[in-house]
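Have a look at the structure below before the remarks.
The values are calculated or read from the model by the stated rules, or taken from the named source; none is laboratory data. This is a predicted model, so every value here is computed, not measured. Please note: Cβ atoms are built from the backbone with ideal geometry, for glycine as well, and neighbour counts cover all protein chains shown.
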Amino acid sequence: MTSTRSFAGTVPAPDFPTGLDWLNTALPLSLGDLRGKVVLLDFWTYGCINCMHVIPDLKQLEEKYAGELVVIGVHSAKFTNEGETENIRRIILRYELEHPVINDKDFVVWRQYGARAWPTFVLIDPKGKIIGSHSGEGIYELFDHVIGSVVAEFDARGQIDRTPLALVLEREGLANSPLAFPGKVLADIAHDRLFIADSNHNRVVVTDLEGHVIGVIGNGQVGLDDGDYEAATFFRPQGLTLAGEHTLYVADTENHAIRRVNLATREVETVAGTGRQSRDYRNTGGPALGTALNSPWDVLFHEGVVYIAMAGQHQLWTYHPDTATVRLHAGSGREELRDGSLKQGGLNQPSGLATDGQVLYFADSEASAVRRASMDRKGRLETIVGTGLFDFGDVDGVGDTVRLQHPLAVTYKDGLLYVADTYNSKIKTIDPVTRESRTLFGGPEAGWRDGVGGDVLFDEPGGLSIAGDKLYIADTNNHVIRVADLVTGHVTTLVMIDPDGLLALPPLDGKFAGRIIDLERRTVAPGEGTLRLAVNLPEGYKVNGLAPFSMVWSAENGKISLNPDDIRRSIVNPIFPLALPFHATTGDTTLVGEVVIYYCQAKRESLCLVDRARLVIPVTVSAGGQNSLEVSFAVPLPRV
C-alpha cells in the first residue's frame, strides 16, 4: 500500500519576537527568512544533561539534511546564570554548536510554542506551518524519518530551498588557549603532579604543582581509542582520580566510559562502558565493558572501589577493578531531591564527588544541593544543603536557608567541604555537621581577577582539588587553573610552563589545526639570501617567555633550502624579525612555514594564549629578484 499521509503542517508557526539576542548569526532571523527550509526548534537550557545528550543527534541530522534543515536553538534558561547571553555564547563554543541560537531568557518563544520541558522540539515545514512537537532524548530516528518525509513531499512540489543559510559562528575570531574549558582537576602532592581534564581539547594534561607541563594524555582528537598517550583519544573528559602512584581513572564523559591510565607505561585502556549512552533506567549493572553508562561526570577511588557520579542517569555507581563489574550504588533514576535509602532516594545530575573516608559527598547539580551517601550499600542518602530542583540562588547561612546555583564540584579537608558554586562563580565552604555555608572566594559577578576573598573573580569553576594548603580550581570558562592559598587567602592563576611545546595541538584527521595564511607571490634572486620572519602581536600582548616559539619549514621541489638547524626549530623568547639564511635555485616554488607562538597579555601575564598558523608563500626565483624574503603575519586580536 502507498502511504497517503501528508507531512505538511496545518497551523502557522508564530514568528520570533523582536528584541531577542541571537547568536551564531549576524542578524536576527524570521520564519520568512527560512521559507523553503525545514525548521527544527530545540528548546534547551545549558545545564540540563538531557539537553546535552541530544546534541549529537542534532548534529547528525544537520549533517544529513545540510541543504534542507535549519536547527534553531531556543535557549530558555532554568538558572539565572544561564540567561546571560555571554554565558550562552560560551556554551555554544564549548559544545561546538553551529546553528543559530536565541536567548529566550523571558520564555517568550517557550510560551508561544507551548513548551513544557527541556529538551522540547518543534518541527516546522518549509511553508512555515507546525508539523508537530516532541520532548525528551533519543530523537534521531524519529526526526530522521519525519524530516526525510517532509523533504520528499515538499521537494515534489518544488518548495525546498537548498541555498546555504549565511551564518556568523561564535567560534570565528576566538583565541586559542593552552587549555579549553578545563572541567576537573586533581592535585597529587605526594608526587608533585597536577592532572587537568582539558575537556574541549579531549585530553588530560599533566603538570607539576607549579605548572610545568610534563605530559599530555591523548592526542586531542575525538574518539574512544586505547593505546599510548599519542594514540589514545577521549571525548570531553571530566572527572579524575588516582588509585596509587601509577593508576589514573578518567570519567570520559561524552564517550560514556571509564578509562584507566597506566602512568608508568603511558598506556590508556577502557575499563567500563560500551561507548554508547545508556537509556535503560532499569539497568543496575553487570560486566563493566558490557554495560552502557550515561554521562559519568566524576570519579573517586576509595578502598579498591571507583565511585562514579553518573550525571546522565541521576545516580551514583561503582566500578570494581577486581571483578571488572559496575553496579548501581544510589539513586532511583528519578530526577528529584529525595532522601532515604540509597536505592529509593532521588538524585539530580550528580557531578562532583568527595569523601572524608567515612561517607561519600556529592554535588547534586540540578537541585543546587550538596548531599552525602553512605558507602555501605545498606546505608542512606541525605541532603546537607539544598531544598529542590527550582530552589537556587546565592545565599550563605545555615541549613535550609542556604542557596547555591548548580554546583559542579566538591572536595573535603579538615572537617569542611569546599564547593565550586559554579553558576554563582564562587568557591564556598560548607560544614557538613552544622550545615553552615560561607563564601570563601568570588565576587558579585563572573570574570577573571586574582586577589583575596571577594576581590577574586571566576567564571563558572567546575573542578576542585586540595594539595596541602593549596586549593586548585578549574576555572572552566576562563580556560585556566587557579590556585588558592588556604592560609593567606590569596588566589593566583597558574601559568602553564611548556618548554617542550607539548600543549600545541597536532593536526586533526590529517587537517591542519590552525589558521592557513596565503601570502602574495614573492620574487627572490638565485643564490644566497635571508628570510626575515616577523610576527605582529595585538596591542597589549607580548611573547610568552616561558613557552617556545616553534617553526617547521618546507619548500616544494627544493628550490629554496634553509639551513638544517632552521628547518625545524624552537626558540624561547624570540626577537622578531628572525633572520633565516637560505639558498635559492631558479624556478617557481611554494615555501610553507608552520609556526606556533604562545603570547600573553602584557599587563595580565596569566592570560596566555596560543596561535598556530601555516604560512603559504608562492616564490619565483629569478635574476633581478631580491636577496631577502620578507614574511610577516599578524596574530588576530583574540576574543576571550
### Query
How many residues are part of a helix (DSSP H, G or I) and at pLDDT 95 or above if we restrict to segment 93-127?
6
#### Entry: Matching entry among His256, His246 (being in contact with a strand residue (DSSP E or B) (Cβ under 9 Å, 6 or more places away or on another chain) and either within 18 Å of Tyr95 (Cα to Cα) or among the polar types (S, T, N, Q) (or both))
His256
### Message
Need a quick list: strands (runs of 3 or more DSSP E) entirely within segment 370-429 having at least 2 residues that are under 22 Å from Ala474 (Cα atoms).
### Response
409-413, 416-421
### Task
Tell me which of these Gly47 doesn't satisfy, since it passes every other one: (1) touching a Lys or Arg at 6+ places or on another chain (Cβ under 7 Å); (2) part of a helix (DSSP H, G or I).
(2)
#### Entry: Odd one out for Ala373 among (1) touching a His at 6+ places or on another chain (Cβ under 9 Å); (2) within 23 Å of Gly47 (Cβ to Cβ); (3) in contact (Cβ under 8 Å) with a residue 60 or more places away in the chain
(3)
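Listed here are the residues, each with its yes/no results for (1) of a type outside the set (D, E, K, R); (2) closer than 22 Å to Val222 by Cβ.
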| position | (1), (2) |
| --- | --- |
| Asp33 | no, no |
| Asn50 | yes, yes |
| Val70 | yes, no |
| Gly73 | yes, yes |
| Lys78 | no, no |
| Leu97 | yes, yes |
| Ile102 | yes, no |
| Ala117 | yes, no |
## Note on the structure
In segment 576-631, residues that are modelled with pLDDT under 85, part of a loop (DSSP other than H, G, I, E, B) and either buried (at least 20 other Cβ atoms within 10 Å of the Cβ) or not hydrophobic (A, V, I, L, M, F, W, C) (or both) total 5
### Task
Mind listing whichever residues of segment 1-44 are of a type in the set (D, E, K, R), at pLDDT 95 or above and part of a loop (DSSP other than H, G, I, E, B)?
Asp15, Arg35, Lys37
### Summary
Residue set Ala288, Ala243; condition within 20 Å of Asp322 (Cβ to Cβ), touching a Phe, Trp or Tyr at 6+ places or on another chain (Cβ under 7 Å) and surrounded by fewer than 19 Cβ atoms within 10 Å (Cβ to Cβ); output residue Ala243
### Query
Going by the conditions given, is Arg90 part of a loop (DSSP other than H, G, I, E, B), outside the structural domain of Ser368 (by TED's automatic domain parsing) and at pLDDT below 95?
no
### Query
In segment 233-262, which residue that is among the hydroxyl-bearing types (Ser, Thr, Tyr) and not in a loop (DSSP other than H, G, I, E, B) is farthest from Val410 (Cα to Cα)?
Thr247
### Task
Among what's in segment 229-238 and is without any contact (Cβ under 8 Å) to a residue 60 or more places away in the chain and under 16 Å from the mean Cα position of the chain (by Cα), pick the residue that is farthest from Met52 (Cα to Cα).
Thr233
### Query
Taking segment 517-575 as the search range and keeping residues that are part of a loop (DSSP other than H, G, I, E, B) and either among the hydroxyl-bearing types (Ser, Thr, Tyr) or touching a Phe, Trp or Tyr at 6+ places or on another chain (Cβ under 7 Å) (or both), which one is farthest from Ser177 (Cα to Cα)?
Pro574
### Message
Take Asp431 and tell me if it is under 30 Å from Pro581 (Cβ atoms), modelled with pLDDT of 90 or more and surrounded by fewer than 24 Cβ atoms within 10 Å (Cβ to Cβ).
### Response
no
